[in-house]
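A.B. asks: This is the structure, below, for whatever I ask next.
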Ligand SMILES: Nc1nc2c(ncn2[C@@H]2O[C@H](COP(=O)(O)OP(=O)(O)O)[C@@H](O)[C@H]2O)c(=O)[nH]1
Ligand SMILES: [Mg+2]
């Protein structure tokens, strides 16, 4: 990341950490199930460990980053040991027999850390959905940037210049570019004195609520989202999957003209702004 | 605002699940939605973003049978927990009749729990409502983590923390919204005291 980059923080970044901690015991149990399955497979069909070892390694990856965040040294060490054993097994440097011997000894200790066994475990492999979700979240936590968006200062300037020249000069009072979760990305125009941060959060909530109304009445979305005030009006539109463009304009501006402009603006933004990975 | 239809003998109340981000508010509603007889339930609506993260609110309308000859309808709402969404929380709180405060038992959430309860108090005050006068139940969630490697707060610590911010003690329910224990107990408790308070207001 260059010094000139602007990080638009993911509102849910901190929450992801809380979430993964809450899931840690369940993931530990899922790992233990997979580990026992692996040992059983080796017992019943020697030479067949490769697949279940892969599954175990996948869950182990999630656990290691969760343990890192938790800061529990003894858990980290145990998991690190497993990680080494599994990869040695995969490379054929460790025989299945030797692997089982050391591996099985460790499992009760891990069970102690997992706490009471939940009554209903997700299926042996923790449903692949949960695994994928948790892997993603853990990965983001590991990289320390959750769903943050990184935009360069040059790009922000370029977008601001574009909006000023193409939109604000044409009778539009203000434009706010907001991400899906309500984070303000860009705010330009003569309304900079208003509480744009709150406006952005509420606008995103309102936009999501309106989309839900569309679904409830069987529409995919509303083509036009528009609120007419006494002096000024608001117009909302999506720019791709990640952004919402909120436009504040004078009632003297024709709605047709506005829509034409905003469609252009949205297209421009889709081409320029980064897409969120998550 | 409770809606009372005397001729149809029906009372409708609004209950809001409040608490810090990721404490399990949505999970409470999901569990109720999963386990309750569909006959007594409307459709659950979640206004969320990127998967399951509440952006505005979740909504679940329920019918809870008869009390003193009145049909009881309860509408459950959750609020978004993130600090930035305070305006949205205020909107959801409008006309609230009862609150379930969901506290997260994880040690790392000790301060966020207290901040969230204070935030609730402030937001209600702005609407001229007094948290200490409102039907309130505290749920200590995620008790399933007890005994695991994740450090959690004791019932006593949490109760002291949260009661310390209130004038009178309120009912406290231990729960695991993920696994179920305590979810319906919380719902029963808040419904009971909310209906009682609505009845009381009705008489005076
Ligand atoms: N271990 C554990 N996790 C829980 C519990 N309740 C909720 N969670 C998890 O906590 C996370 C956030 O829950 P959610 O209901 O979305 O929180 P909200 O932000 O308050 O609506 C999810 O990953 C849930 O699965 C619980 O009782 N125990
Ligand atoms: Mg939620």
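Residues are listed down the side, and each one gets a yes or a no for (1) at pLDDT 85 or above; (2) within 16 Å of residue A:39 (Cβ to Cβ); (3) more than 24 Å from the chain's Cα centre (by Cα):
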residue	(1), (2), (3)
A:52	no, yes, yes
A:55	no, yes, no
A:59	no, yes, no
A:63	yes, no, no
A:73	yes, no, yes
A:78	yes, no, yes
A:83	yes, no, yes
A:88	yes, yes, yes
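A.B. asks: Give region B:6-27 a look and list any residue that's within 16 Å of ligand 1 (Cβ to nearest atom) and more than 14 Å from chain A (Cβ to nearest Cβ), or say none. Outline the logic, then answer.
C.D. replies: Quick first cut of region B:6-27, residues within 16 Å of ligand 1 (Cβ to nearest atom) only: B:15-27.
B:15, B:16, B:17, B:18, listed by residue number.
A.B. asks: I would also like to ask the following. Could you list all residues from region B:24-54 that are loosely packed, with under 14 Cβ neighbours inside 10 Å and assigned to a helix (DSSP H, G or I)?
C.D. replies: B:34, B:35, B:38, B:39, B:40
A.B. asks: What pairs come out if I take residues in region B:77-93 that are assigned to a helix (DSSP H, G or I) and pair them with residues that are within 11 Å of ligand 2 (Cβ to nearest atom) whose C-beta lies under 6 Å away, six or more apart or interchain?
C.D. replies: B:88/B:56; B:88/B:80; B:89/B:79; B:92/B:57; B:92/B:77; B:92/B:79
A.B. asks: Same structure, new question: Restricting to region B:71-93, give me the number of residues that are over 14 Å from the mean Cα position of the chain (by Cα) and more than 11 Å from ligand 1 (Cβ to nearest atom).
C.D. replies: Taking region B:71-93 as the starting set, the residues that turn out to be over 14 Å from the mean Cα position of the chain (by Cα) are B:71-73, B:82-88, B:90-91.
Now restrict to residues that are more than 11 Å from ligand 1 (Cβ to nearest atom): B:71-73, B:83-84, B:86-88, B:90-91.
Final tally of qualifying residues: 10.
A.B. asks: How many residues does region B:94-110 hold that are over 17 Å from the mean Cα position of the chain (by Cα) and at the interface with chain A (Cβ under 10 Å from one of its Cβ atoms)?
C.D. replies: 4
A.B. asks: Being farther than 24 Å from residue A:275 by Cα and either touching a helix residue (DSSP H, G or I) at 6+ places or on another chain (Cβ under 7 Å) or in a helix (DSSP H, G or I) (or both) is the filter here, so list the residues in region A:173-221 that pass it. I'd like the intermediate steps shown before the answer.
C.D. replies: First, the residues of region A:173-221 that are farther than 24 Å from residue A:275 by Cα: A:173, A:189-195, A:213-219.
Selection gives A:189, A:213, A:214, A:215, A:216.
Condition check ((1) surrounded by fewer than 21 Cβ atoms within 10 Å (Cβ to Cβ); (2) closer than 30 Å to residue A:183 by Cβ; (3) within 16 Å of ligand 1 (Cβ to nearest atom)) across all residues:
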position	(1), (2), (3)
A:4	yes, yes, no
A:9	yes, yes, no
A:12	no, yes, yes
A:22	no, yes, yes
A:32	yes, no, no
A:36	yes, no, no
A:41	yes, no, no
A:44	yes, no, no
A:56	no, no, no
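A.B. asks: Just for helices (runs of 4 or more DSSP H) wholly inside region A:1-118: which have at least 1 residues that are within 16 Å of ligand 2 (Cβ to nearest atom) and under 19 Å from residue B:144 (Cβ atoms)?
C.D. replies: The helices (runs of 4 or more DSSP H) meeting that bar are A:13-44.
A.B. asks: Also: Kindly indicate the residue of region B:113-149 that is at the interface with another protein chain (Cβ under 10 Å from one of its Cβ atoms) and surrounded by fewer than 22 Cβ atoms within 10 Å (Cβ to Cβ) and also nearest to residue B:77 (Cα to Cα) among those meeting that condition.
C.D. replies: First, the residues of region B:113-149 that are at the interface with another protein chain (Cβ under 10 Å from one of its Cβ atoms): B:141-142, B:144-149.
Filter once more, keeping what is surrounded by fewer than 22 Cβ atoms within 10 Å (Cβ to Cβ): B:146-149.
Values: B:146: 28, B:147: 31, B:148: 31, B:149: 32 Å.
Of everything passing the filter in region B:113-149, B:146 is nearest to residue B:77 (Cα to Cα).
A.B. asks: Only residues in region A:237-248 that are assigned by TED's automatic domain parsing to the domain that holds residue A:203 count as the first member; pair them with residues that are buried (at least 23 other Cβ atoms within 10 Å of the Cβ) and assigned to a loop (DSSP other than H, G, I, E, B), Cβ under 9 angstrom, at least 6 apart or cross-chain, and list the lot.
C.D. replies: Going by the 9 Å Cβ cut-off, the qualifying pairs are A:244/A:182; A:247/A:167.
A.B. asks: Search region A:67-96 for residues that are outside the structural domain of residue A:109 (by TED's automatic domain parsing) and over 15 Å from residue A:110 (Cβ atoms) and pair each with any residue that is exposed (fewer than 14 other Cβ atoms within 10 Å of the Cβ) and modelled with pLDDT under 90 when their beta-carbon atoms are under 7 Å apart and the residues are at least 6 apart or on different chains.
C.D. replies: Pairs that qualify, where the first residue is outside the structural domain of residue A:109 (by TED's automatic domain parsing) and over 15 Å from residue A:110 (Cβ atoms) and the partner is exposed (fewer than 14 other Cβ atoms within 10 Å of the Cβ) and modelled with pLDDT under 90: there are none.
A.B. asks: Based on what the data block shows, is residue B:79 within 10 Å of another protein chain (Cβ to nearest Cβ), closer than 23 Å to residue B:193 by Cα and within 12 Å of ligand 2 (Cβ to nearest atom)?
C.D. replies: It is false that residue B:79 is within 10 Å of another protein chain (Cβ to nearest Cβ), closer than 23 Å to residue B:193 by Cα and within 12 Å of ligand 2 (Cβ to nearest atom).
A.B. asks: Would you please name the residue that is farthest from ligand 1 (Cβ to nearest atom), looking only at residues in region B:46-70 that are over 17 Å from the mean Cα position of the chain (by Cα) and more than 8 Å from every other protein chain (Cβ to nearest Cβ)?
C.D. replies: Among those residues, the one meeting the criterion is B:69.
The values are calculated or read from the model by the stated rules, or taken from the named source; none is laboratory data. Keep in mind that this is a model prediction, so the values were computed, not measured. No Cβ is skipped: glycine too gets one built from the backbone with ideal geometry, and neighbour counts run over all protein chains shown.
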